[in-house]
Amino acid sequence: MRSRPEAAELRAACLRAASALTEVSADWLALGTDRRVSGELSPRSAGSFAGFGVDVAVSLQDGAGRGGADEELPLPALIAGWLRERAGAAGVRMRLLDEDTSPAAARQVGVGLSNRSGDEPSGLLVLADGPRRFGEHEREGTPESAAELLRDGLAVPGSGKLDELDVDSARRSGVVGRAALQALSGLVGADDAAWRGELIHSAAPFGVGYHVAVWTRAEQPPR
């Protein structure tokens, strides 16, 4: 089955971003959100997209067995595993935050990641999507406003736009992964180095907003 052009463009943008991570490091940390599972998953985790209609098996680490793939692996972990394999990364540590984590707590997660980062380059994959432009999200939320915050926030690291999306607005507008995005904001805000961003894709195929960006940490000048 041939995919629709909108889906092909989104897939290409995601793979471009993932490949940029692999150029920095073969080992990633991924951040996402879920309502059932929180914390860091086992690096040996494997799963399948069968629950979403396509029986494609993925894993978070090279060499992880797929025979007992957990079809209930949260969607962000499945996508992280798929991108890891396609981009040629060796492994990805998947950390899930609760979807309703407060903005302040989410930013603190990012601050903690910044404090633990060493001198070695590392890749951080952040997974989120939305807003949704249909049903109750269109009637009760403000999807256009949320989309603007996401576009502007992802295009310019440290702009503070991602922090402006509160829990209620994100829920009503159908944004999934807000807390992961605000953890990213906290990480960059706690870093003394400059960051540059490139928004490489922004569209709403099938009524769902997808924004793909690559953020790169500038090298600090020698002291």
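Just so it is clear, none of the values below were taken in a lab; they were calculated from the coordinates. All values derive from a computational prediction rather than experimental measurement. Here the Cβ is made from the backbone with ideal geometry for all residues, glycine too, and neighbour counts use every protein chain on show.
Going by the alpha-carbon gyration tensor, a ≥ b ≥ c the square roots of its eigenvalues, is segment 30-146 rounded (a/c under 1.5) or, if a/c is not under 1.5, prolate (a/b greater than b/c) versus oblate? The shape class here is oblate.
DSSP assigns beta bridges within the chain; of those with both partners inside it, close to 55 percent run antiparallel. Out of Val176, Val188, Val208, any idea which swings most in a Gaussian network model of the chain, alpha carbons joined below 10 Å? Residue with maximal mean-square fluctuation among Val176, Val188, Val208: Val208. At an R0 of 25 angstrom, the distance between the Cβ atoms of Thr142 and Ser102 translates into a FRET efficiency of 0.80.
Based on the Cβ-Cβ distance of Arg16 and Asp168, what FRET efficiency does E = 1/(1 + (r/R0)^6) give at R0 = 35 Å, to the nearest 0.05? So, using R0 = 35 Å, E works out to roughly 0.60.
Other residues whose C-beta falls under 12 angstrom from the C-beta of Ser38 contribute a net charge of -2, scoring Lys and Arg +1 and Asp and Glu -1. Mean separation of Cα pairs under 8 Å and 6 or more residues apart, divided by the residue count, gives the chain a relative contact order of 23 percent. Shape of segment 83-131 from its Cα gyration tensor (a ≥ b ≥ c, root eigenvalues): rounded if a/c is under 1.5, otherwise prolate when a/b > b/c, or oblate? Oblate is the answer for segment 83-131, as a/c is 1.5 or above yet b/c matches or exceeds a/b. Charged side chains reduced to their Cβ positions (Lys and Arg at +1, Asp and Glu at -1) give the chain a dipole of some 300 debye around its Cα centre.
Scanning the chain for long hydrophobic helices, with DSSP H runs required to stretch 30 angstrom or more by C-alpha along their axis and to average at least -0.5 on the Kyte-Doolittle scale, returns nothing. Given a Förster distance of 30 angstrom, what is the FRET efficiency for Glu120 paired with Ser202, based on the Cβ-Cβ distance and rounded to 0.05? The pair Glu120/Ser202 has a calculated efficiency of 0.45. Note on the chain: with a GNM built from Cα contacts shorter than 10 Å, the maximum mean-square fluctuation among Arg116, Arg11, Arg132 falls on Arg116.
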